[in-house]
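Below is one structure, written out as structure tokens; comments come after it.
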Amino acid sequence: MYHDTVVYSILNLKCPRCHQGKMFLDPNPYHLKKIYAMPDNCPVCGQSNLPEIGFWWGSMYISYGLSVGLSVVTVLFLWLVLGWPDWAILSANAALMIAILPLAFRYARGVWFNMFVRFDKKYSVHQ
Ligand SMILES: [Zn+2]
């Protein structure tokens with residue numbers, strides 16, 4: 001079932017244990033004042049959203065990887081397929097990296113959380 005998968009939890013930014021509780025209080029990542037806001041615990045299953053002090057620092061590695069991966073694909077596409085000049089490629093890529101920052105931040109947390117917390121059917125109604 002799709003609801004049981006890690007992909008579901010990450011793409012929907014749901015709690016990795018129950019796949020139902022929302023990870024973030026504000027669903028819009030572009031409301032930058034609330035981008036970090038997470039409930040202390042999952043409102044559905046009670047999973048702590050801060051399993052240990054400094055837990056979320058590690059998600060920056062994921063964010064870095066996502067950004068570099070997207071950047072490489074973007075630059076190669078603009079350079080090899082569209083043949084844009086260097087200044088245009090660099091400008092477009094910089095603008096893209098800034099534009100997707102809130103998304104990269106949140107999805108990196110989703111990936112990172114799922115690396116440490118496993119789905120547990122007993123906390124889910126999707127059975
Ligand atoms: Zn939960």
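The values are calculated or read from the model by the stated rules, or taken from the named source; none is laboratory data. Bear in mind the structure is a predicted one, so any value in this text is a computation, not a measurement. Every residue, glycine as well, gets a Cβ built from its backbone with ideal geometry; the counts of neighbours run over all protein chains shown.
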Here are the criteria: (1) under 22 Å from residue 2 (Cβ atoms); (2) of a type outside the set (Ser, Thr, Tyr); (3) within 15 Å of the chain's Cα centre (by Cα). Tell me which single one residue 17 does not satisfy.
(3)
Answer with yes or no whether residue 70 is more than 30 Å from residue 125 (Cα to Cα), touching a Ser or Thr at 6+ places or on another chain (Cβ under 8 Å) and at pLDDT 95 or above.
no
Using beta carbons and a limit of 6 Å, which pairs, at least six apart or on different chains, have the first residue in the stretch 4-29 and on the phi < 0 side of the Ramachandran plot and the second one within 14 Å of the ligand (Cβ to nearest atom) and among the small types (Gly, Ala, Ser)?
10/110; 15/21; 16/9; 18/124
